[in-house]
Structures are given as structure tokens and as C-alpha cells.
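Here the structure comes first, spelled out in C-alpha cells, and everything after it is commentary.
The values are calculated or read from the model by the stated rules, or taken from the named source; none is laboratory data. Note that the coordinates shown come from a computational prediction; the quantities given were computed from them, not determined experimentally. Here the Cβ positions follow ideal geometry from the backbone for every residue, glycine too, while neighbour counts run over all protein chains shown.
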Amino acid sequence: MEVAERIRAQGAALTTAERRVAEVVLSAPQSIGFGTVADLAQTAGVGAASVVRLATKLGFDGYSELQQAVQDELTRQLRPAAERIHQADLGSRSEHASTELDNVSGTLAGVDDAAMANVVARLADCARPIAVVAGDACAGVAQVFVSQLHQLRAGVVQICGSEVAVRRDLAVLPVEASVVVVDLRRYEQWVLDAHEALAARGLWSVAVTDSMLSPLASVADVAFVAAA
């Protein structure tokens with residue numbers, strides 16, 4: 001299991017200090033991949049004991065084993081970037097393209113194959129309607145996703161609009177529906193509320209968000225982190 005998946009699985013059981021360490025591990029893995037317990041503790045603003053406790057809660061035999069797991073993941077993610085070091089500088093457009101490719105590579109590197117297979121199976125099941133919920137910042141992405149998925153199957157809707165419209169659309173979703181939730185930090189409250197309400201009814205969901213510790217990831221059945 002990837003480190004991010006372990007953090008997500010243990011998210012509700014982490015103390016405030018342990019969550020701060022976990023956020024650093026997720027957002028700046030180099031802090032642990034190439035640093036000491038003291039370095040990570042200082043970056044997170046906690047004591048060294050919190051770092052060790054987090055490693056144990058994640059199922060590792062101490063900090064060294066957690067560090068090795070992060071190093072292995074960094075090696076897999078950085079290999080494509082290392083290959084580009086020897087390429088000539090082709091200007092700002094090339095640099096922008098390279099950055100975007102790094103983001104895509106980083107996102108895909110963090111995807112668990114079993115989780116992806118689960119999501120594909122759910123979304124391909126035409127007997128299950130699909131509802132897409134997204135905050136304003138991600139509304140464009142959601143619209144493109146809905147449009148593309150419409151070309152493959154029917155029964156795909158985007159939930160948005162006024163509070164009355166959102167409540168109405170949520171209420172009529174059948175329990176067998178699949179829900180795709182997309183939002184980033186400074187998450188919109190209505191998105192969080194809608195997601196929790198659907199989960200309380202027993203609907204399955206996949207979240208696309210910015211951290212395995214986001215409130216969306218903690219509620220979803222499957223969560224993917226988009227690198228940026």
C-alpha cells in the first residue's frame with residue numbers, strides 16, 4: 001500500500017500533531033525522504049515523538065521504514081524528470097509543458113491500480129447513474145468530464161446551481177448511483193455537505209482532491225490526489 005493510502009486509511013485516528021506531520025509527508029515528501037526525524041518534526045512544527053508515532057500508526061517498523069517507503073516512491077516519480085535534465089532549454093513554453101507533464105506524471109504515479117480498476121468498473125456500469133459534484137474552482141473540469149463520459153454512456157449528471165436545485169437533485173439520486181466529487185483546498189461547504197449527506201445514505205463515491213487528508217478523501221470510498 002502506498003504511503004498516501006496508509007495516511008488516508010488512518011486519517012480519522014491521527015492526532016492533531018500527527019496530522020501535521022502527515023500533511024508534510026504528502027505535500028513535501030522530500031522532507032522525509034532525505035531528512036532526519038528532527039528535520040521532519042521541525043518542518044511540521046511538532047515534537048520528534050509525533051513523527052515516530054505516525055510511522056507506527058501507518059504500519060511501519062519505525063521512522064527508517066517509513067523513510068524508505070517514501071524514498072522508493074520518490075525514485076519512481078522523479079525518474080522521468082531526471083531524464084529531462086539533459087534536454088536543451090527550449091524556452092518558456094517547453095518549461096510550462098514540462099511542468100504540466102510532471103503534474104500528470106505525479107498524479108498517475110500516486111494512483112493505486114486496484115483503486116483505479118474499482119472506479120472504472122463503477123463508472124462503466126450503465127445500470128448505475130453517475131452524479132458529479134464540484135466546487136466553482138473545479139466546475140470546468142467537471143463539465144468536461146461529464147461531457148466526455150456522456151459520449152460513452154447515458155445517465156451522467158452534474159449537480160450544481162441554486163441551493164434548492166442542489167437539494168432536489170441530491171434527494172432524487174438512487175442509492176445505487178456512483179458519485180464523483182471534485183474540489184480543492186478551501187473546499188466549498190456545500191460540496192462537503194452534499195458529499196457527507198450522500199455518504200450517509202450509503203452512496204458510493206470517488207473523490208478527486210489535493211490531499212489524502214482532505215475532508216473529501218476521508219468520506220469517499222476511493223480518493224485520488226491531483227498533483228499541482
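Listed here are the residues, each with its yes/no results for (1) more than 12 Å from ALA131 (Cβ to Cβ); (2) modelled with pLDDT of 95 or more; (3) of a type in the set (Asp, Glu); (4) outside the structural domain of ALA9 (by TED's automatic domain parsing).
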position: VAL164; (1), (2), (3), (4): yes, no, no, yes
position: ASP169; (1), (2), (3), (4): no, no, yes, yes
position: VAL172; (1), (2), (3), (4): no, no, no, yes
position: VAL180; (1), (2), (3), (4): no, yes, no, yes
position: LEU184; (1), (2), (3), (4): yes, no, no, yes
position: TRP204; (1), (2), (3), (4): no, yes, no, yes
position: LEU216; (1), (2), (3), (4): yes, no, no, yes
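Of all residues in region 25-52, those satisfying the criterion of being modelled with pLDDT of 85 or more and among the hydrophobic types (A, V, I, L, M, F, W, C) are VAL25, VAL37, ALA38, LEU40, ALA41, ALA44, VAL46, ALA48, ALA49, VAL51, VAL52. Can GLY91 be described as out of contact with any Gly (no Cβ under 9 Å at 6 or more places or on another chain), modelled with pLDDT under 90 and at positive phi? Criteria met by GLY91. Within region 10-38, the residues that satisfy the criterion of being farther than 17 Å from ALA227 by Cα and exposed (fewer than 15 other Cβ atoms within 10 Å of the Cβ) are ALA12, ALA13, THR15, THR16, PHE34, THR36, ALA38. Starting from residues that are touching a Gly at 6+ places or on another chain (Cβ under 7 Å) and more than 22 Å from VAL104 (Cβ to Cβ), keep the ones in region 53-70 and report whichever is modelled with the lowest pLDDT. Taking the candidates together, the pick is GLN67. Filtering LEU152, LEU170 for residues that are farther than 29 Å from SER27 by Cβ and not in a loop (DSSP other than H, G, I, E, B) leaves a single hit, LEU170. The set of residues in region 214-228 that are hydroxyl-bearing (Ser, Thr, Tyr) and in contact (Cβ under 8 Å) with a residue 60 or more places away in the chain contains only SER218. For the residues GLY140, GLY161, the requirement of being over 15 Å from the mean Cα position of the chain (by Cα), part of a loop (DSSP other than H, G, I, E, B), without any contact (Cβ under 8 Å) to a residue 24 or more places away in the chain and farther than 26 Å from ARG8 by Cα singles out GLY161. The set of residues in region 148-202 being among the small types (Gly, Ala, Ser), within 21 Å of ASN118 (Cα to Cα) and surrounded by 10 or more Cβ atoms within 10 Å (Cβ to Cβ) consists of GLY155, ALA177, SER178, ALA199. Residues in region 104-137 that are in a helix (DSSP H, G or I) and among the basic types (Lys, Arg): ARG122 alone.
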